[in-house]
1. Would you pick out the residues in segment 9-33 that are assigned to a strand (DSSP E or B) and either among the aromatic types (Phe, Trp, Tyr) or over 17 Å from Ser73 (Cα atoms) (or both)?
2. Yes or no: segment 131-151 includes at least one residue that is closer than 20 Å to Thr46 by Cβ, of a type in the set (Phe, Trp, Tyr) and touching a Phe, Trp or Tyr at 6+ places or on another chain (Cβ under 8 Å).
3. Yes or no: Thr46 surrounded by fewer than 18 Cβ atoms within 10 Å (Cβ to Cβ) and at pLDDT 95 or above?
4. Between a first residue in segment 34-47 that is outside any strand (DSSP E or B) and a second residue that is surrounded by fewer than 17 Cβ atoms within 10 Å (Cβ to Cβ) and not aliphatic (A, V, I, L, M), which pairs have beta carbons less than 7 Å apart while being 6 or more apart in sequence or on different chains?
5. Among the helices (runs of 4 or more DSSP H) confined wholly to segment 61-127, which include 1 or more residues that are aliphatic (A, V, I, L, M), surrounded by 14 or more Cβ atoms within 10 Å (Cβ to Cβ) and at pLDDT below 95?
6. I'm told Asp147 meets every condition in (1) part of a helix (DSSP H, G or I); (2) closer than 19 Å to Tyr77 by Cα except one. Can you identify the failing condition by its number?
Amino acid sequence: MAQAKKTKVELYTDGACSGNPGVGGWAAILVYGPAEKELVGAVGQTTNNRMEMTAVIEGLKALKHPCDVTIYSDSAYVVNAIRQNWLRNWKKKGWLNASKQPVANRDLWEELDRLMGIHETTFIKVKGHSDHDYNNRCDALAVAAVDRYKKEHNL
């Protein structure tokens with residue numbers, strides 16, 4: 001029986017941190033045809049890398065069925081971990097990195113790996129703070145989430 005064709009979705013992501021570690025924000029924009037959905041969030045104490053990863057994870061979690069997702073990120077950390085097989089190698093080596101140290105952010109890598117098992121994913125590295133409209137919009141949303149969190153918590 002022929003396999004059903006998966007819905008093609010574009011996912012644009014960005015994370016921001018005020019201090020690293022510090023207050024962090026993330027943003028994701030899902031694009032399916034003419035439809036767009038913005039997702040944002042913030043946390044009190046985190047790192048930029050965790051926010052970059054959270055943006056991808058939350059975008060994938062928002063999908064209601066398995067999709068063919070092209071993920072656009074300006075995070076070399078996230079994109080290289082997938083495209084250069086760091087994630088696969090970390091898993092093979094019992095979650096140790098090339099220096100034989102525990103992999104940072106393992107909890108998020110495990111969640112991202114789980115979600116990648118549901119969806120077909122392609123990761124594309126975009127230049128940050130350039131002329132990429134969706135990336136710039138994600139950056140603005142993530143920074144605004146940080147500012148909103150700081151204001152709400154009197155920081």
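The values are calculated or read from the model by the stated rules, or taken from the named source; none is laboratory data. As the structure is a prediction and not an experimental result, all values here were calculated from the model. Glycine gets a Cβ as well: all are built from the backbone with ideal geometry, and neighbour counts include every protein chain shown.
1. Within segment 9-33, the subset assigned to a strand (DSSP E or B) is 9-18, 22-32.
Hits for segment 9-33 are Tyr12, Ser18, Gly22, Val23, Trp26, Tyr32.
2. Within segment 131-151, none of the residues are closer than 20 Å to Thr46 by Cβ, of a type in the set (Phe, Trp, Tyr) and touching a Phe, Trp or Tyr at 6+ places or on another chain (Cβ under 8 Å).
3. On the way: surrounded by fewer than 18 Cβ atoms within 10 Å (Cβ to Cβ): no; at pLDDT 95 or above: yes.
Here the answer is no, as Thr46 does not meet what is asked.
4. Final answer for the pair search is Thr47/Asn20; Thr47/Pro21.
5. Numbers: elements: 76-83, 86-92, 106-116.
It comes to none.
6. Evaluating Asp147 over (1) part of a helix (DSSP H, G or I); (2) closer than 19 Å to Tyr77 by Cα leaves (2) as the failure.
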